[in-house]
Amino acid sequence: MAQREGRDRRIALVSFLLFMGLVVVAGKLFVIQGLEAGRYRKLAEEQRDTIITVTPRRGTVLDREGEIIAISEDATTIYATPYQVKDKPGTALKIATVLNSDEDEILDRLEQPTGFVYLMRKVDKTVAQKLKEEDLEGIGYIEESKRFYPLGSLFSQVIGVVDVDNKGSSGLEFHYEDILGGKGGEILLERDAAGNPIPGSEKKRLEAVDGVDLRMTLDKDIQARLEESLESGFERYGARAGTGIVMDCNTGAVLAMATYPTFDPNKREDLDPEEMRSRAVTDIYEPGSVMKVLTAAAALEQGVVNSGTVLNVPSELNVADKVFKEAEPMPSRQLTFSQVISQSSNVGTIQVAMELGPVQLSSYQDLLGLGRPTGIDFPGEVAGLVPPYSEWSGTSAATMSIGQGISVTPMQIACVVACIANGGRKVAPHLLQSKIEDRGSVDMGLGGLGERVLSEATCRELTGILEKVVSPGNTGVKAAVDYYRVAGKTGTAAKPLKGGRGYGGGYMATFAGFAPAEDPRLVCLIVFDDPSPIWGGDTAAPVFSEVMGFSLQHLKIDPSFEPTSAGEED
């Protein structure tokens with residue numbers, strides 16, 4: 001009896017323990033399948049599902065005549081699943097041999113404690129195919145695209161570059177990223193225990209939206225001549241850098257914009273940030289005598305002088321606590337206002353500026369856009385350093401009238417000159433011409449002429465004065481172009497020392513002009529940083545002549561004079 005009761009107690013205890021175990025299991029199942037079902041479902045999906053990113057095709061960039069500047073081409077990215085690679089040293093050797101890369105670096109990546117590691121991004125497809133033929137365990141491939149610049153260094157600073165993920169990182173590639181870049185897509189797939197996608201297991205697909213092709217205002221041939229001329233001038237004059245712009249003065253369309261030294265955007269390993277800057281819009285400098293164009297425009301517009309006004313120009317002039325002299329010693333003399341500008345007299349220009357008055361000079365600086373970005377569709381444009389009138393000293397009007405004590409970008413100067421060339425209306429410089437879509441080319445409506453800030457009469461009179469600058473005996477004679485009437489202005493300015501205390505940091509040489517003078521079409525500006533000789537008329541002017549002469553002929557713009565036939569007497 002006692003044995004039977006003991007057995008019954010043991011059976012009851014075991015039954016109770018089993019029952020409690022079932023209760024615990026049932027409770028756990030209730031928690032897992034009921035209360036926390038969503039959490040565990042999400043964990044399962046994360047282990048089972050994988051998202052494949054679909055990279056969109058980046059838009060192609062074309063010049064105004066349809067020449068390709070930037071295009072995307074197919075490439076292959078190579079990756080590894082390290083725990084699947086059994087023979088890591090042997091695999092590293094084979095990969096390094098095919099890819100011509102560092103074996104130790106490849107091995108180091110294969111030994112990473114992770115399920116995914118990039119071995120090399122965006123490899124040429126033919127090279128990647130050779131590696132595929134090795135059928136290496138744990139090595140995978142992703143089809144992508146990479147940016148290619150078929151013209152090499154041409155347009156490099158303007159077009160910019162993209163990063164390894166095909167996102168614009170400088171230049172137009174960066175500025176128009178939203179249009180060129182498109183939108184990436186996604187594919188949701190199931191994967192097996194080894195982490196590989198299961199064919200036919202697609203659950204969801206979000207299609208990629210390709211980028212839009214863009215046609216720019218840039219002209220390949222004019223750009224090539226500008227870059228060639230800047231390079232030859234850079235070497236000929238021993239300059240630190242050279243910058244140039246060619247622009248349609250009636251629309252603001254930028255046909256060429258360059259800085260030398262330059263770089264090849266296809267060689268990412270050699271990129272130098274210093275050479276990637278487009279100095280035409282990102283750098284400021286004191287322009288010197290080329291700013292006399294603005295002083296002259298303001299004085300003519302206000303009726304202070306006309307081209308024939310005779311001035312008694314002394315050898316030096318006291319303004320407030322400073323003595324101003326000519327660039328080279330000159331005796332006191334009589335000059336017409338036209339001669340003041342064509343001979344680039346500092347003293348004569350300051351005399352006119354003081355009669356105009358600092359308030360009016362400051363207002364015309366503002367009216368013509370100095371101290372403000374031009375609004376060009378390009379990243380990194382700076383506003384310049386133009387002190388507001390409230391901060392002017394007794395000598396500010398004198399120094400600024402001749403282009404010292406004021407810092408501007410080359411693009412700002414080009415826009416001032418373009419305003420004079422087109423008869424007095426502001427221009428909106430721009431690089432984008434149109435978007436190329438399924439329905440055809442869609443003009444973006446950029447550019448054109450803005451508000452009138454100078455009268456046509458003032459611009460005609462000033463054009464006549466600026467033509468004399470390029471005539472024999474004056475500072476810009478080397479800017480002359482065969483068979484075309486040219487108007488323009490030289491500039492030579494001492495560079496301020498670092499910290500802004502005094503001058504002595506070298507010189508900046510400039511020539512800015514337009515042609516044909518009788519019916520202006522093009523503005524061209526050339527700037528050299530620290531050339532030898534220092535004078536804009538000796539360095540920037542001859543390069544202007546080369547670039548402007550080519551550009552006028554390339555665009556088939558009628559000459560101002562008929563070429564003289566061979567053997568014909570004048």
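Quick notes
- Pairwise centroid distance, computed over Cα atoms, of segment 133-163 with segment 51-114, Å: 9 Å
- With q set to 0.12, 0.15, 0.21 Å⁻¹, the log10 of I(q)/I(0) for segment 66-137, from the Debye formula over equal scatterers at the Cα positions, is -0.35, -0.50, -0.87.
- The Rg/Rh ratio for segment 90-170, using Cα coordinates for both the radius of gyration and the Kirkwood hydrodynamic radius, is 1.05.
- Computed from backbone phi, the HN-Hα couplings of segment 474-481 come to 10, 5, x, 4, 6, 8, 4, 10 Hz, rounded to whole numbers (Karplus: 6.51 cos²θ - 1.76 cosθ + 1.60, θ = phi - 60°; Gly and Pro given as x).
- Loop-located GluC sites (Glu not before Pro) in segment 473-570, at most 14 other Cβ atoms within 10 Å (DSSP): GLU518, GLU568, GLU569
- In terms of surrounding Cβ atoms within a 10 Å radius of their Cβ, CYS459, CYS524 rank from fewest to most as CYS459, CYS524.
- Helical contribution to [θ] at 222 nm, DSSP H n ≥ 4, -39,500 (n - 2.57), averaged over the chain, rounded to 500: -10000 deg cm²/dmol
- Placed amide H near ALA517: partners under 5 Å, 5+ positions off or other chain: ARG485, VAL486, ALA487
- The H on the amide N of LEU311, modeled in the peptide plane, is under 5 Å from the matching H of LEU335, THR336, PHE337, each at least 5 residues off or on a different chain.
- Residues with amide H under 5 Å from that of VAL123, placed H, sequence gap 5 or more: THR76, THR77, ILE78
- Of the trypsin sites (Lys or Arg not before Pro) found in segment 231-320, the ones in coil according to DSSP and having at most 16 other Cβ atoms within 10 Å of their Cβ are ARG240, LYS267.
- Chymotrypsin sites (Phe, Trp or Tyr not before Pro), loop per DSSP, at most 16 other Cβ atoms within 10 Å - longest free stretch of the chain: 117-482
- Percent RCO, i.e. relative contact order, over the chain, from Cα pairs under 8 Å lying at least 6 residues apart: 13 percent
- Convex hull of segment 446-529 built on C-alpha atoms - directionally averaged projected area, nm²: 8.3 nm²
- Equivalent-ellipsoid semi-axes for the chain (Cα gyration tensor, √(5λ), whole Å, largest first): 69, 27, 22.
- Ellipsoid semi-axes in whole angstrom, largest first, where each is sqrt(5λ) of the Cα gyration tensor of segment 366-427: 22, 15, 9
- Karplus 3J(HN,Hα) series, Hz, for segment 223-234 with 6.51 cos²θ - 1.76 cosθ + 1.60 (x for Gly, Pro): 4, 4, 5, 4, 5, 4, 5, 5, 5, 5, x, 4
- Derived scalar couplings ³J(HN,Hα) [segment 10-26; Karplus, 6.51 cos²θ - 1.76 cosθ + 1.60; whole Hz; x for Gly, Pro]: 5, 4, 5, 5, 4, 4, 5, 5, 5, 4, 5, x, 5, 4, 4, 4, 4
- Fewest neighbouring Cβ atoms within 10 Å first, the residues THR81, THR76 line up as THR81, THR76.
Rule-based calculations on the coordinates, nothing more; no lab input. Please read all numbers here as calculations on a predicted model, not as lab measurements. Note that each Cβ is placed from the backbone with ideal geometry, even for glycine, and that neighbours are counted across all protein chains shown.
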